[in-house]
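Scroll down for the structure; my scribbles are underneath it.
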Amino acid sequence: MPGYLRQIIIYAVVILLQVILNNYVNLGPMIYICLVPLLIVYLPLDQKPYVSLIIAFGLGLLIDILADGVLGLNAGAATLVALVYRPIFYPVFQKNNYSKKYIPPIRESNIWHHVLYMTIILAIYFLFYIAFDGLAVSTLLSSLLRYLLNIAVNLALVIIVDLTLFNKS
């Protein structure tokens, strides 16, 4: 199977998983499960930045529509992640991975590089998401708790999905 076809199938599976999780798994009002940042970091590192921004915006908007979210909230957060995923990649991963077209699999680099990278990406994603979702109507402490819980829960889920779907040979 060609690489791009496999990538499209994986993206479709992750989007379907995202919609199922949004519609059938309720962890309370404090936690929002989101796999969109994982899809964005697996966009090619060598493609034009505006293409990444358009794809990220489209993925976020698709999730907003399919999961009955606030229209534009995931799209905005995903676009922000698409803006920064490439510059964050280079300091986190080793120099021998700089020439790669995609983020290296966990078995090639190190799980801690992936954990650090995804923690930074999720922190950026949820900073935007929580700031625009209701920071003004909740206290700063509850927003901070929501922010940290979302990063922790989504990091665990993203690493599991990353290991099962994206890191197959």
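Quick rundown of the values:
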{"read-out": "Selection from the stretch 129-158 of residues that are over 11 Å from I33 (Cβ atoms), hydrophobic (A, V, I, L, M, F, W, C), at pLDDT below 95 and in contact with a helix residue (DSSP H, G or I) (Cβ under 7 Å, 6 or more places away or on another chain)", "value": "I130, F132, L135"}
{"read-out": "Test: residue in the stretch 145-157 that is surrounded by 17 or more Cβ atoms within 10 Å (Cβ to Cβ) and over 25 Å from Y11 (Cβ atoms)", "value": "yes"}
{"read-out": "Residue among G69, G76 that alone is among the small types (G, A, S) and either more than 17 Å from the chain's Cα centre (by Cα) or in a helix (DSSP H, G or I) (or both)", "value": "G76"}
{"read-out": "Breaking point among (1) within 30 Å of L141 (Cβ to Cβ); (2) outside any helix (DSSP H, G or I); (3) in contact (Cβ under 8 Å) with a residue 40 or more places away in the chain; (4) not aliphatic (A, V, I, L, M), for P29", "value": "(3)"}
{"read-out": "Residue in the stretch 2-16 that is of a type outside the set (A, V, I, L, M, F, W, C), in a loop (DSSP other than H, G, I, E, B), within 19 Å of L122 (Cβ to Cβ) and out of contact with any Leu (no Cβ under 6 Å at 6 or more places or on another chain) present", "value": "no"}
{"read-out": "Residue in the stretch 85-128 that is modelled with the highest pLDDT, counting only those that are more than 20 Å from L165 (Cα to Cα) and in a loop (DSSP other than H, G, I, E, B)", "value": "F93"}
{"read-out": "Yes/no for I130 being under 20 Å from V92 (Cβ atoms) and either surrounded by fewer than 18 Cβ atoms within 10 Å (Cβ to Cβ) or of a type in the set (A, V, I, L, M, F, W, C) (or both)", "value": "no"}
{"read-out": "Members of the stretch 110-169 found to be among the polar types (S, T, N, Q), under 21 Å from L16 (Cβ atoms) and free of Cβ contacts under 8 Å to residues at least 24 places away in the same chain, listed by number", "value": "T164"}
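The values are calculated or read from the model by the stated rules, or taken from the named source; none is laboratory data. All values derive from a computational prediction rather than experimental measurement. In this analysis, Cβ positions are derived from the backbone assuming ideal geometry, glycine residues included, and neighbour counts consider all displayed protein chains.
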